[in-house]
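Colleague: Below are the structure tokens for one structure; questions will follow.
The values are calculated or read from the model by the stated rules, or taken from the named source; none is laboratory data. Note that the coordinates shown come from a computational prediction; the quantities given were computed from them, not determined experimentally. Positions of Cβ are backbone-derived with ideal geometry, glycine not excepted, and every protein chain shown enters the neighbour counts.
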Amino acid sequence: MNKKLWQFGTREVVFAAIGAALYGVLAWATNFLQIPASGNVAIRPAVAIPMFFGVVFGPIVGFIAGFLGNIIGDLLSGYGFWFWWDLGNGIQAMIPGLIWLSITDYKNVGSIIRAEIMVLVGIVVGMGLAALSEMWVSGTDFATTFTVNFLPVFITNAIWGLILVPILMVAYSAVQARSGR
Amino acid sequence: MLVTWAYHFRDSLMEKIDPRARWIFSLLFLFTISMYWDLRFLLFFFVIAWLWYFLARVSFKETRRAWILVSILLFSMIVVNTILSGGGAAGVVKGQGHPIFSLQFTIPLVSWNVNFNLTMERAWFALCQLIRVWAISAMFIVIPFSMDPRLYGVTFRRLGLSDRFAFSMDLAFRYVPTLARDFAVTLDAQKARGYEIERVEGGLITQVRRIAPLIIPITIGSILGGEDMVNAMDLRCFGLRPRTWIQETIFHGYDYAIIAFGIVLLLSTLFLHNVIHIGGFWVPAGILPG
């Protein structure tokens, strides 16, 4: 079957929903994990899930998993609705999906390195845009936005993404071999 | 593990408003208030936001976590941005300002000179920031507590998104309890094998090591289950025709009135901002020293 970069068929509809629900539930369930001595800053290991879904199922799936998953996670945790951060999470997971078509073997070292680079680019662009929106909404300057809004989320997301996405890719390769898709 | 939505039926006025009207008004409000740094106007929007909040009949106890999160972020931003660095204030506040507090000292060992000046203008700007962010937060925090999750899919469909996107949204919300159950089963299984997932001490790397045996099986298990669902939907020819939805959204007169009010707010703000040139940063002359 020919794949297209921006295709959104039945398979993408289902996996976008699963990715979003997984991200939402795991973000909520791992709220107990917090950066030591950082007050109330929760670290979301689940942030790697939409990135992984982007790499494996394409940019639209990644975007919906990140965007909608963040909404669900905040809904379950009672954090309210923060549109620009939801959008940032969507973009963060959409960008790794741009190499979707070029990856055929998820165990291949070259594929994993390309995915890692796209994960980092995705975090910079997605979280960067979300953090920049705070300049418009809250009236902060660039230095404050960078240190208060961007840097903490960039560091934690990069750690989770860089470690968990390759592990998930290797685990998925076994599933892919079984399903034949 | 039980997963529960923040929403439950409250018989509030907010629940009578069409969800589309709520989204449209909330976004119009956001764009409008973002054009003001004048406390007189910001207070007007602050009152509107809190009236909107109280329409939902949501208690502070329920929204406590969200307010704690907002307060921590707001406190960090105000302290770093307005009072310490003065960066944001420098973008909006013109001139040197009227000092109300100053402090000069040298940090030992590194010999950095700290020259801190708090001006009345910066302090006033911090107050404006506080009012503006609280108003925006009141408008958006209330959404998950007062909007039925079953309505998200159909609402975004009626707002013009595609059937597939809306269906994906609907499916995600329905998947949540199933995945929460899978999470609980996996967590119990890993605990039985001796994993101490809930120990919070240790750095990030330790926590990654601890969390991976939990995330990987749930994710891969969900993908396997998803393949079955794709097959089932394909066999039922999903996506060949436009969908019908069980929940319906209907605009009433008051929904149109709310949207019209939002549009009036935005248009009048554009007029005030671009033609009369008011609404920018303003400090009452009476509070300025000397």
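Colleague: Name the residue that is modelled with the lowest pLDDT, counting only residues in segment A:83-112 that are among the β-branched types (Val, Ile, Thr) and out of contact with any helix residue (DSSP H, G or I) (no Cβ under 6 Å at 6 or more places or on another chain).
Modeller: A:Thr104
Colleague: Still on this structure: Out of segment A:148-181, which residues are among the polar types (S, T, N, Q) and outside any helix (DSSP H, G or I)?
Modeller: Result: no residue meets the conditions.
Colleague: For B:Thr244, which of the numbered conditions (1) hydroxyl-bearing (Ser, Thr, Tyr); (2) surrounded by 15 or more Cβ atoms within 10 Å (Cβ to Cβ); (3) without any contact (Cβ under 8 Å) to a residue 60 or more places away in the chain; (4) not in a helix (DSSP H, G or I) fails to hold?
Modeller: The single condition B:Thr244 does not satisfy is (2).
Colleague: Please state which of the following conditions B:Phe44 fails to meet, knowing it meets all the rest: (1) buried (at least 17 other Cβ atoms within 10 Å of the Cβ); (2) over 15 Å from the mean Cα position of the chain (by Cα).
Modeller: (1)
Colleague: I need the full set of residues from segment B:153-169 which are closer than 22 Å to B:Ser26 by Cα, buried (at least 22 other Cβ atoms within 10 Å of the Cβ) and at the interface with chain A (Cβ under 9 Å from one of its Cβ atoms), in order please.
Modeller: B:Met169
Colleague: Being at pLDDT 90 or above, closer than 30 Å to A:Thr104 by Cα, aliphatic (A, V, I, L, M) and surrounded by fewer than 19 Cβ atoms within 10 Å (Cβ to Cβ) is the requirement here; does A:Val175 meet it?
Modeller: No: the conditions fail for A:Val175.
Colleague: Could you list all residues from segment B:156-210 that are among the polar types (S, T, N, Q), within 30 Å of B:Phe251 (Cα to Cα) and either modelled with pLDDT under 90 or part of a loop (DSSP other than H, G, I, E, B) (or both)?
Modeller: B:Ser162
Colleague: Oh, and also: Within segment A:125-146, is even one residue within 21 Å of A:Tyr23 (Cα to Cα), out of contact with any strand residue (DSSP E or B) (no Cβ under 9 Å at 6 or more places or on another chain) and not in a helix (DSSP H, G or I)?
Modeller: No, the conditions are met nowhere in segment A:125-146.
Colleague: Here's a follow-up. Please state which of the following conditions A:Ala143 fails to meet, knowing it meets all the rest: (1) of a type outside the set (Val, Ile, Thr); (2) farther than 30 Å from B:Ala138 by Cβ; (3) surrounded by fewer than 18 Cβ atoms within 10 Å (Cβ to Cβ).
Modeller: (2)
Colleague: From the list A:Trp160, A:Trp136, which one is within 11 Å of another protein chain (Cβ to nearest Cβ) and crowded, with 17+ Cβ neighbours inside 10 Å?
Modeller: Step by step, each of A:Trp160, A:Trp136 is checked, and only A:Trp160 is within 11 Å of another protein chain (Cβ to nearest Cβ) and crowded, with 17+ Cβ neighbours inside 10 Å.
Colleague: Of all residues in segment A:151-180, count the ones that are free of Cβ contacts under 8 Å to residues at least 12 places away in the same chain and closer than 20 Å to A:Trp100 by Cα.
Modeller: Result for segment A:151-180: 8.
For every residue, the table says whether it meets (1) of a type outside the set (D, E, K, R); (2) more than 22 Å from A:Ala46 (Cα to Cα).
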{"site": "A:Phe81", "(1), (2)": "yes, no"}
{"site": "A:Lys107", "(1), (2)": "no, no"}
{"site": "A:Arg114", "(1), (2)": "no, no"}
{"site": "A:Met135", "(1), (2)": "yes, yes"}
{"site": "A:Thr144", "(1), (2)": "yes, yes"}
{"site": "A:Asn149", "(1), (2)": "yes, no"}
{"site": "A:Ile155", "(1), (2)": "yes, no"}
{"site": "A:Pro166", "(1), (2)": "yes, no"}
{"site": "A:Ala177", "(1), (2)": "yes, yes"}
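Colleague: Would you point out which residue out of B:Pro242, B:Pro217 is under 25 Å from A:Ala65 (Cβ atoms) and more than 10 Å from every other protein chain (Cβ to nearest Cβ)?
Modeller: On inspection, the qualifying residue turns out to be B:Pro242.
Colleague: Residue by residue through segment B:68-79, note down the ones that are more than 8 Å from every other protein chain (Cβ to nearest Cβ) and either at pLDDT below 80 or buried (at least 18 other Cβ atoms within 10 Å of the Cβ) (or both).
Modeller: At the first step, the residues of segment B:68-79 found to be more than 8 Å from every other protein chain (Cβ to nearest Cβ) are B:71, B:75, B:78-79.
Listed by number, the residues that qualify are B:Ile78, B:Val79.
Colleague: Being surrounded by fewer than 18 Cβ atoms within 10 Å (Cβ to Cβ) and in contact with a Ser or Thr (Cβ under 7 Å, 6 or more places away or on another chain) is the requirement here; does B:Ser12 meet it? First the steps, then the outcome.
Modeller: Details: surrounded by fewer than 18 Cβ atoms within 10 Å (Cβ to Cβ): yes; in contact with a Ser or Thr (Cβ under 7 Å, 6 or more places away or on another chain): yes.
Answer is yes for this residue.
Colleague: Looking at (1) more than 30 Å from B:Arg20 (Cα to Cα); (2) within 7 Å of another protein chain (Cβ to nearest Cβ); (3) of a type outside the set (Ser, Thr, Tyr), which one does B:Met233 not meet, given that it meets all the others?
Modeller: Exception for B:Met233: condition (1).
Conditions (1) away from chain A (no Cβ under 14 Å); (2) on the phi < 0 side of the Ramachandran plot; (3) modelled with pLDDT under 90; (4) part of a helix (DSSP H, G or I), marked per residue:
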position: B:Ala90; (1), (2), (3), (4): no, yes, yes, yes
position: B:Ser102; (1), (2), (3), (4): yes, yes, yes, no
position: B:Phe105; (1), (2), (3), (4): yes, yes, yes, no
position: B:Val114; (1), (2), (3), (4): yes, yes, yes, no
position: B:Arg122; (1), (2), (3), (4): no, yes, yes, yes
position: B:Gln129; (1), (2), (3), (4): no, yes, yes, yes
position: B:Trp134; (1), (2), (3), (4): no, yes, no, yes
position: B:Ala138; (1), (2), (3), (4): no, yes, no, yes
